[in-house]
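The values are calculated or read from the model by the stated rules, or taken from the named source; none is laboratory data. Every value quoted in this text rests on a predicted model; they were computed, and no experiment measured them. In this analysis, Cβ positions are derived from the backbone assuming ideal geometry, glycine residues included, and neighbour counts consider all displayed protein chains.
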Amino acid sequence: MIRVLVVDDSSTMRRLISAALSADPELTVVGEAGDPLEAREAIKALNPDVITLDVEMPNMNGLDFLERLMRLRPMPVVMVSTLTARGAEATLHALELGAIECVEKPGGADPTGFGRLAEKVKIAARARVRQRAARAEPVATDIFTPSDKVVAIGSSTGGVEALLTIIERLSANCAPTVIAQHMPASFTKSFAERLNRTSAATVSEACDGDPLIPGRVYVAPGGDFHLEVEGTRHLRCRVSHGDPVSGHCPSVDVLFSSVARCAKDHAVGVILTGMGRDGARGLLSMREAGARTLGQDEATSVVYGMPRAAFELGAVERQLPLEKLGPAIRNLTNKETER
């Protein structure tokens, strides 16, 4: 049984979350707390496997509590957030601080509105949680001249921190980069804006028809959209409604497969931390088309699911720790150092 502590300042919300979790036979709610001070004592007394955490609470902000928790006693945390823009920003910051997953609060008093809450708590229980070290300042050690390659990146659980680590080190004239990150529709625009603030490149949520040009990074919209690359000599984004593929929308497999068709050997594929197998077959298609392919290693993956599946399928040319993936992408897309 996975032992869960529910932390939320609303007693009604605590009851709804507890009901949604208790309906799963693999989960047991061992306690509830109305604020971080109560949560701190409950953690000491109950030793839960996973915490669900609200953002805005009395006595201490949920983000401040999360930062202290990850520094002093790292453990799996699932954020339960509102759909507002403010809530999305706070949740993204929580994921950057080390929270494993995020779940949207339902609009009404119906526990079924929590959708995949129980599933995400179980994913969090299996995740690798480490103390978060401060990320080093980006350092460019060579001249970057973009080649004709396109970069495609896929990620899921733990992907917010991983993508920040990679994207903030890109050059202002980096290779065109397309990203599929499993994320709710309400978060992807805020996430693209967060990446844009930390990167010399221009990062935005992808729009249908956007041309792939150096210095631009395109994040797939969340929800029921897929991001693909189309064209021949002049590549562009194709954003379209679709059903889940490999269990997800946006799907990494869909993105990678389109890059394999259109860019062939003029591409670099990168698969990052995440649960499941999405992206494995698409990355194999890229490698078979002549693209260079990289995978995040087990030691630095929050969840070594997607990278493992791709590696075992033979789709990954090289596995690297997270901190070495950015420089590797740079070398593979730099006309001066391609190798």
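Tell me, yes or no, whether the range 165-178 has at least one residue that is basic (Lys, Arg), closer than 21 Å to Arg277 by Cβ and modelled with pLDDT under 95.
Kept after step one, since they are basic (Lys, Arg), are these residues of the range 165-178: 169.
Now narrow it down to the ones that are closer than 21 Å to Arg277 by Cβ: none.
No.
When the residues of the range 23-61 are filtered to those that are polar (S, T, N, Q) and in contact with a Pro (Cβ under 9 Å, 6 or more places away or on another chain), which remaining residue is modelled with the lowest pLDDT?
First, the residues of the range 23-61 that are polar (S, T, N, Q): 28, 47, 52, 59, 61.
Restricting the remaining residues to those that are in contact with a Pro (Cβ under 9 Å, 6 or more places away or on another chain) gives 59, 61.
Values: Asn59: 76, Asn61: 83.
Checked the range 23-61; the qualifying residue modelled with the lowest pLDDT is Asn59.
Evaluate the following for Val29: is it among the aliphatic types (A, V, I, L, M) and within 24 Å of the chain's Cα centre (by Cα)?
On the way: among the aliphatic types (A, V, I, L, M): yes; within 24 Å of the chain's Cα centre (by Cα): no.
No, not satisfied.
For the range 72-84, how many residues meet the condition of being over 21 Å from Ser11 (Cα atoms) and part of a loop (DSSP other than H, G, I, E, B)? Before you say what the answer is, go through the steps one by one.
Going residue by residue through the range 72-84, those that are over 21 Å from Ser11 (Cα atoms) are 72-76.
Next, only the ones that are part of a loop (DSSP other than H, G, I, E, B) stay: 73-76.
Total meeting the criteria: 4.
When you look at Leu69, is it of a type outside the set (Lys, Arg) and outside any strand (DSSP E or B), yes or no?
Working: of a type outside the set (Lys, Arg): yes; outside any strand (DSSP E or B): yes.
Here the answer is yes, as Leu69 does meet what is asked.
All but one of (1) within 22 Å of the chain's Cα centre (by Cα); (2) surrounded by 16 or more Cβ atoms within 10 Å (Cβ to Cβ) hold for Ile43; which doesn't?
Result: Ile43 passes all but (1).
Filter the range 232-247 for residues that are under 17 Å from Lys149 (Cβ atoms) and at pLDDT 95 or above; which is surrounded by the fewest Cβ atoms within 10 Å (Cβ to Cβ)? Don't jump to the end; show me each part of the working.
As a first pass, look at the range 232-247 and keep what is under 17 Å from Lys149 (Cβ atoms): 232-237.
Now narrow it down to the ones that are at pLDDT 95 or above: 235-237.
Values: Leu235: 22, Arg236: 19, Cys237: 23.
For the range 232-247, the residue satisfying everything is Arg236.
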